Structures are given as structure tokens and as C-alpha cells.
1. Where does the chain land at 222 nm, in deg cm²/dmol rounded to the nearest 500, when only DSSP H runs of n ≥ 4 count, each adding -39500 (n - 2.57), divided by all residues?
2. I want to check the label-to-label distance for Asn618 and Glu153. Put each point 7 Å from Cα in the C-beta direction and report it in nm to one decimal.
3. Please tell me the relative contact order of the range 289-391 in percent, rounded to the nearest whole number, where contacts are Cα pairs under 8 Å and at least six residues apart.
4. Based on the alpha-carbon gyration tensor of the range 209-262 and its eigenvalue square roots a ≥ b ≥ c, which shape applies: rounded if a/c is under 1.5, prolate if not and a/b is larger than b/c, or oblate?
5. What FRET efficiency, computed as 1/(1 + (r/R0)^6) with R0 = 35 Å and r the Cβ-Cβ distance, is obtained for Lys32 and Leu335, rounded to the nearest 0.05?
6. How about the range 313-360: which trypsin sites (Lys or Arg not before Pro) there are in a DSSP loop, with at most 15 other Cβ atoms within 10 Å of their Cβ?
7. Within 10 Å, count the other beta carbons around each residue, average over each peptide in 612-619, 593-600, 58-65, and list them highest first.
8. Thr462 to Thr579: extension gain in nm, 0.36 nm per residue of separation minus the Cα-Cα distance?
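Since every read-out is calculated from the coordinates, none of them should be taken as a lab result. Quantities reported herein were computed from a predicted structural model and do not represent experimental measurements. Cβ sites come from the backbone with ideal geometry, for glycine too, and all protein chains shown count toward neighbours.
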Amino acid sequence: MKYYLKFVFLYTVSCFVTVATHAQDVPVKNSKEKPISPDLFGIFFEDINYAADGGLYAEMVQNRSFEYNPSDRKGWHSLTAWKYLAEDFAYGTLTVETSEPLNENNPHYTVLNIEDEGQGKGGLGLANSGFDGMVLKEGENYNFSVWSRLFSESAVPLRVELRDKEGKVYGHTTWTAESTDWKKYEARIAVTQSTDSAYLAVVAKGKGKIALDMVSLFPENTFKGRANGLRADLARVIADMRPAFVRFPGGCLVHGDGLENMYRWKNTIGPVEERVPQKNIWGYHQTAGLGYFEYFQFCEDIGAKPLPVLAAAVSCQNSGGTWRIGSIGQKAMPLEDMQDYIRDVLDLIEYANGPVTSTWGAKRAEAGHPQPFNLEYIGIGNEDKITPGFEERFKMIHDAIREKHPEIIVVGTSGPSHSGEDYEKGWEFAKRENVALVDEHYYEKPEWFWNNRERYDKYDRTVPADIYLGEFAAHDTDRKNTLRSALAEAAYMTHLERNGDIVRFSSYAPLFGRVGHTQWNPNLIYFTGDKVLRTVNYYVQQLFSVNRGDIYDPGLVSPSGRGKDKKAFVVSGVKDSETGDIIIKIVNGEEGELGADINLSGLDISKAEAECILLTGNPVAENTFEAPETVVPETRSLRVNETFTYPAPAHSLSVIRIKL
Ligand code: AHR
């Protein structure tokens, strides 16, 4: 009843006026229309499945600072991904040492003691295999850098080569280690031929003793040419989605495997060699090379709002693998540490938005960005177990943000599921504390999404909190990215549009998976060292994001004839008030063609131009590296009338865009 009253009220006051609702101020013109959050479709980036290190972060050297260790992964050590080279009768030792490090955050380095530099082209040194071999492209440049320190009297000349297993050299440079203090050397290597399996060799060409650390190789061609930048192809595939926001850096990565493993943003800014690396909760190593500055910069580069998530001062409830034995591994930060922790949270806001004269704003400026990053939202917590320890700490952080930064909108959390104890308790708590947005997560079978596509229709509109559907995906048999799973997501997303007055954000999860290094399937985008695979689910996310509107109008489209009684047939009609375009989405998950009645009456269609983007195929089809275009969107032009029936093919998503 409350829900009904809210709508009667909303629709009454919204006639021909602009109303402020849960969604932003949107010019709603008649009683049928409903405002939609303009930020409804975005992305969630987490360093899972090698999404950052070995993925979006363009660093090509693996274990560049010799900090891998067995707590990252059993069997890993300082020389993982490295090999000792003693070529052409060169003779000497390679050791890992810690007594005179580059800085305290980067304790390990390697020492080459060259007793005989050999007689041929080779020498004594070390080689890095990168992440499954390094991909080099003909005609492109690569930026090599290294920190070194001389421990012997005479300077040591070194040669850097990009080689393949047969010893063929694709590019090289030389430098001389001559400083007895740690010093950075940089060089550009021009590559003459392409390969996908190169390695980096650094060999000494003279006697002596030198220390090496932070051995690094980046393509010059990073996304937007940024230093310490991102892999251009992977960044581009995200940019092509035109996401309204980016949630980062996790996920479970944020609250961490125990308190010590919690993601601390201050450890991830400043010079890369001073950042604090740590074990990644997903079972590998996190360099923090892709840190908060790079995340903010990337958001700006692709025109997306940043949505950073910080831990609610409790660790993941599955810490220490406790999910296996059913106990709770959530650890709460000691209360005496909370003031410092809250300071960190507030400092992040200053880092993003503060003037260059402020302590943290100055650090942003030092990194090359004096202008603010315009942070509007902060997530606190990630699907945490709702315990008294969580509630106490969340409240402390939330109160402090509201007091010091009432302009920042806080996103709370409601556990790892669409229902159950944490969901109930999470929402109760959020209502009690007046949290502005609540993050929901769920991964379910495709049928679940079809069956629950009225979920948010039933949400109580009198509750002030909006919804962020922060993680969702339809998991088909064998966790494959089938068209069937993508259509279930599409159907559900039409219901997100219809409820865009209270659902402010949504994002599929996870985003990336590096082939051979996944901890989670399915993912939206798969990649190797040089290939990117857009799954069918990717195209659904992209089509909704690129074709979002800010006004929902139920009068624009409705199922026709047989379609009215079909379970797996949904339609949605929105308007984009900026362009004036009408956008219709039709999802047909049934076996046969079904019609959708489109009604443009009352609109001037004399100059209308329309196109239909169609995604269709076999419901169990998926895109693979061998057949990446098995199911891809196809665009055709469409003739429109004031009213007409669109025939939606079986197993399809149709997006019709009408320019008036
Ligand atoms: O998206 C993968 C993981 O799923 C996230 O890290 C976590 O929040 C959820 O359990």
C-alpha cells in the first residue's frame, strides 16, 4: 500500500514538472514516466583472475621487485619468473639480499657478482619470463627501467635484450651501472619484429658487483600514453562500454584475508618503487602498481565516475579459508586503531577532491593532477557478515564521513546474497543508520534472473536508501558465457531500468579473466597476453550502457499477441532527454519469434531515423578465442511508424534507437 501511495504521489506531482526523486533530477513530463538514474550501468573492477597485475596494469615484467614469497602462493619466492643466466663462459653468482634495500617497502633485491663476464655475446645476468611470455609488436617502443647500485670499484656495463627461446633478439639497449647509491636508469627499446613469447634478459658485460631492483618494462603505447599506465587493448574494451562509473578495487580484495591483508589506499600511491606490495586474496601477488592515482585517472580518462570501496574495518568473513569449515573468519579492527583508520578514509576524500594546498590534495598534485577528481561516492564494506563488530565500525566511519563530508554519498553493504540473514540485517542496519545506498550482490542461474525480474518493483519506495546492484551475473551450466545467460541478464536489466528511480547503479562481476589464471568463472572479458575476448555477456552490458536513458516510459512498448503470456519475453522503453532519442529494448528468451508493439503516437516522427541492434543466436552459443564472433551485435536500419509491431527473433536482444 505504501508503495502504491508513493507512486500515486510521485505521478501526481510529476505532471509536467521536474521532480527530485531517488534518481537525479530528471525532467519527467507525464504521469506514465519515471526518472531513471543516469548512472545506472557501470563496471566493477577487481584484481581477481590477474585483472590488474598481469592484466590491465601494463607492466610486462613479473615479480619486478623480487617481492614474491610463499605467502602469495605456495612455492613462490623472490626469483619466481626469473632465471639465472651464465652465458658464453661467464662466471659468477646471483643472490637475493635485503641488507641495503631501495626502501623499507621494497626489502628484496638481487645482487650479481660477476667474476668473469664471459667471451661472447652473452654474459652473467638474469632473465624474466613476464606473464606467460612477453608480447612484442613490430615497430613499437618499450620503456625499460631499473634501479641499480654498484658494490664494486669499477662501473659495470650491462646489456638488455628482448629475446625469444631460440635466442633471437627483437630489441636491445645498454647502460652502465656506476652509482654507489641506488639510482634509476631508463631506456627506450625499439622492437623490430612481433612475437608473443619473448623474455627480457639483463646481462653484465664487465666484472664487478651490482644490485638490481624494480626491473621494469612497459609498452610505450599504454592507454592514453600514460606513464605507469594501462594495457591499451584492455582499457579500450572497458572504454567501449562507456560505463557511467567504475567501482574499484574490489570485492573481497578490499576487506582482505585477515586485517593485515586489508587494502590500504595510502600504500598504493606515490612513486611505484615505494608502494607496499602484498598478497592478493585471490592467491597471487599484488604490486600496487595500479593504485589509487591510476584508478582515479582511468575513471577520468573514460568519463566514468569513481566509486572507490574501502573496508568497513573488518576483514573478509572467509579469511584464512574459513568458508571451508563453516566458521567465521571475520576479524574486526581493534577500536584503538579506528581513529587512524577513519583518518585514512577522510584523507582519501581530501586526496581526491581537496585543494592542492591541503596535505593530500598536494600529493595528488605531485602525482600530476592538481585538479580534483570529483569524487561523489565512497563504498564502505564489501558484502561483509553483519556482526556487531561490523556495525560498530561501519557506524563510526559513516558518522565521520557525514560530519566532515556531507557532500559524499556513502554506499553500504548487505551481505553476499539477495536474501538471507546478512541481507536482512544489512538492510535493517542501513535503514537505521540512514545509509544513502546499499550494495547488493548475487550470482544465480539464468532462470533465477527471469523469475525475479520484479524484485525491485516490490521494494518499498518510502525507504530513503537507493540500491547499488554491485555484483551480479547469471551462471549457466559449467559457468559458461552463453547467450542464454546473457539474455537472462538482459531481461533483468530491463527491470533495473524500470526501477531506475531506486536502483542507482549496477555492475556485472567479475570484469576480467586472464586465460590460465582464473579463480572465478564466468567473467565478462577474457584475455591473453595479446588477445581480448568480448563474451556475449559483454555485449549485453555494453548495449545497455551505451543505450541508456534517463526517463522510463511504459507506454512506448508492450508485448504483442502471444508475447503477452510468455514468461521469457520482456520489453522496456526509455528516453534520453539529452539527445531526445527513444530507446526500446526487447528480450526474447523463448523458442519462437514474438512481437512487440511499439507506440510512438504523439511524437513527431516525420524525420525519425531508427536502427536496430540485434544480438541473437543459439542459446547455448558462446564466443571463444577460436570463434570470437559467434554472437555479436548486428546493426540494421529500421522503418518506424506511429505504431508498429517489431518481430523479435527467438533468443534475442533487440535494441532499437529512434532519433526524432
Ligand atoms: O566478483 C568476485 C567476488 O565475488 C568478489 O570479490 C566478492 O565481492 C564476491 O564474493
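1. Helix-only estimate at 222 nm: -5500 deg cm²/dmol.
2. 7.5 nm
3. Reported as a whole number, the value is 33 percent.
4. Verdict is oblate for the range 209-262.
5. It comes to 0.10.
6. none
7. 58-65, 593-600, 612-619
8. Stretched out fully, the Thr462 to Thr579 stretch lengthens by 39.0 nm.
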